[in-house]
């Protein structure tokens, strides 16, 4: 039974079933997380026995010198969230919490506001202490500081967390030294970076080979929904990425959130309506695409009749995909040159058609771009 709950065993099974590819930096992190998992579970058992008191003095000095968690960083789609979630799901303790960083900060701001309204003397400290009173392990996904209000309170929050020996596992696309880079009053944020670096093991995940590209190498990238062969090939390609296995991703875009249910390790599948029939700005698309390495875009309709707004959003989406050099595989009703032949955005749409053809090349995005 214990073997079934081993991170390494589950990880190796995922490799053997071709759900993921073998990766040395992932294997090292899995081993470290396995050791942390065992330590946490054993520590919980010790607390239930009187022997815990006997050893408390012996362990006190050692505990103060130990790192109190792991900060996992690396590029999009490298498996950071997947491995953190594997650790979280297999960790056999009650006091654990997993939350996306943006949602975490939103909750803290709300709680601090309430504490201030109730005239709590030190609202940030009070909220931080209350937040983790029943938690021993906190898993935070996608740490990213872009807001000055977040930057001003997050250091105080983490100081309280780590002072109470809370174990923190967090993921980020950036090294701690690059958090809130060039942000307003960043010098006030630097103590938080010092706290992270000194308190958490900072681990970089990397990959020598991008296996997403291997899976789609030599394959078509634009499919017609009117062709049974194209439908079969498109569906087969999607199935190789196990997009329903993960928990999806919530992306913060200025004042709104965008949810992608079919998402795993930088690969997403969205329908045209999900991404082009809602009011998103050019900056929204850039933020969304920055979380992706490969996008399956499905159910693209013919847009000439009454599709001006959607056509404009599609232009912005493809521009973002192109600029960020994200691979895209499309399934549409008609070929690119027939998607939008009449409407107020037809002139601008010609660039989109050109880019759709360019991005079908096996050499893209390594070839020189033509703007």
The range 95-113, residues that are touching a residue at least 40 places away in the same chain (Cβ under 8 Å) and outside any strand (DSSP E or B): 95, 101, 102, 103, 105, 108, 109, 112
Selection within the range 261-279 - crowded, with 18+ Cβ neighbours inside 10 Å and assigned to a loop (DSSP other than H, G, I, E, B): 262, 265, 266
Taking the range 79-94 and keeping only residues that are in a helix (DSSP H, G or I) and touching a residue at least 40 places away in the same chain (Cβ under 8 Å), one is left with 80, 81, 82, 83, 84, 85, 86, 87, 88, 90
Pair list, Cβ under 8 Å, 6 or more apart: the range 325-346 residue on the phi > 0 side of the Ramachandran plot, other residue part of a loop (DSSP other than H, G, I, E, B): 325/365; 343/303; 343/304; 343/307
Could you tell me whether the range 120-134 includes any residue that is touching a strand residue (DSSP E or B) at 6+ places or on another chain (Cβ under 8 Å) and either surrounded by fewer than 19 Cβ atoms within 10 Å (Cβ to Cβ) or touching a residue at least 12 places away in the same chain (Cβ under 8 Å) (or both)? yes
Out of 153, 196, 214, report the one residue that is in a helix (DSSP H, G or I) and surrounded by fewer than 14 Cβ atoms within 10 Å (Cβ to Cβ). 214
The residue that is farthest from residue 331 (Cα to Cα), considering only those in the range 245-260 that are in contact (Cβ under 8 Å) with a residue 24 or more places away in the chain and assigned to a loop (DSSP other than H, G, I, E, B), is 254
Mind listing whichever residues of the range 329-349 are farther than 15 Å from residue 282 by Cβ and modelled with pLDDT under 95? 341, 342, 343, 344, 346, 347
Has the range 37-52 got at least one residue that is assigned to a helix (DSSP H, G or I), closer than 27 Å to residue 212 by Cβ and modelled with pLDDT of 90 or more? no
Which numbered condition trips up residue 193, out of (1) modelled with pLDDT of 95 or more; (2) more than 19 Å from residue 290 (Cβ to Cβ)? (1)
Would you mention how many residues in the range 349-363 are surrounded by fewer than 15 Cβ atoms within 10 Å (Cβ to Cβ) and over 12 Å from residue 322 (Cβ atoms)? 4
Among what's in the range 280-297 and is surrounded by fewer than 21 Cβ atoms within 10 Å (Cβ to Cβ) and touching a helix residue (DSSP H, G or I) at 6+ places or on another chain (Cβ under 8 Å), pick the residue that is nearest to residue 144 (Cα to Cα). 286
Tell me, yes or no, whether the range 225-243 has at least one residue that is in contact with a helix residue (DSSP H, G or I) (Cβ under 9 Å, 6 or more places away or on another chain), touching a residue at least 60 places away in the same chain (Cβ under 8 Å) and buried (at least 21 other Cβ atoms within 10 Å of the Cβ). no
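The values are calculated or read from the model by the stated rules, or taken from the named source; none is laboratory data. Computed from a predicted structure; not experimentally measured. FYI the Cβ positions are ideal-geometry reconstructions off the backbone, even for glycines, and counts take in every protein chain you see.
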